[in-house]
Each structure stands twice: as structure tokens, then as C-alpha cells.
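None of the figures in this text is laboratory data; all of them are computed from the coordinates on show. Everything numeric in this text was worked out from a predicted model, so none of it was measured. No Cβ is skipped: glycine too gets one built from the backbone with ideal geometry, and neighbour counts run over all protein chains shown.
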Amino acid sequence: MNASNLAGDGRTVTVRIPISIRRRAGRKLVLAPDGTANAGAAPPRRIDSALVKAIARAFRWRKLLETGVHVTVGEIAAAEKLNPSYVSRVLRLTLLAPAIVEAILDGRQPAEMTLAVLMEPFPVGWREQQV
């Protein structure tokens, strides 16, 4: 460490990094010294509120079935004033791999992973879902 970087108290170090800040599409973009943008930055999160709500509903409905509050999908549908077919398709979301559910809740799911896509049949095996 260079003594000129230390403050008078000998405990504080000043580090200077040459960066520049540019505006692109109304957002500030940090450019590294070599001109690259956001070197090593994580991709932006995109939380799909409809998908998150559907997953929350699915797990709530599953709990209602498991605890015996409702015995059938039809009972849940009647209580929620929804179509039983819709309730069944949403309940299938509880079969998603935990890593996929976590990615959705964190907003890290692929752009093509939408509620409409997940309402279609998907493999039940977690390994097959990761493909």
C-alpha cells in the first residue's frame, strides 16, 4: 500500500477508480475505465406481479386442501368464485421446482416464462423443468 493513499490517522485508505457516468434511455449508466458498461453487474430484475400472485394463490389453495378447509378443487373454485379449471391449472404451479419458484419471486425468471406459459402443462419432475 502506498503511504500517500493513507489518511493522517493511518487507518483510512482512499481508492480512486476512473469511471464515467452516461445517461441512456433516461437511466444512469456507469462505465468502467475500458468503456464497458456495468462490468460484472447482475441482470436487472423483472418481477412479474401476475405470476407472483398466481404462485401465492396456488400455495394458499394447496394449504387449504391439505388442512381440510376445502376438500376439492370445486369447493375452492366456488369459494373464490372462479372456474374449477382455472383453479386446477393454478394449483399445478405448486409442482414447480423450488429454484424456479425462487427465481420468479426474485424477478430472475427468463423473459419467456410468463403466467400464460406456465398455465400450460409442464413436466412434473424438477430435473425436466430445468431444461
Can you list the aspartates and glutamates whose alpha carbon is less than 20 Å from that of Lys63, not counting same-chain residues fewer than 8 positions off? Glu75, Glu80, Glu102
First check a/c for region 49-98, with a ≥ b ≥ c the square roots of the eigenvalues of its C-alpha gyration tensor; if it is under 1.5, answer rounded, and if not, answer prolate when a/b is larger than b/c or oblate otherwise. oblate
If packing is taken as the average number of other Cβ atoms within 10 Å across a peptide's residues, how do 70-79, 13-22 rank, most packed first? 70-79, 13-22
Gain upon complete extension [Gln129, Ala32; 0.36 nm per residue less C-alpha separation]: 31.2 nm
Restricting to DSSP loop positions (anything but H, G, I, E, B) with no more than 14 other Cβ atoms inside 10 Å of their own Cβ, which trypsin sites (Lys or Arg not before Pro) remain in region 49-82? Lys81
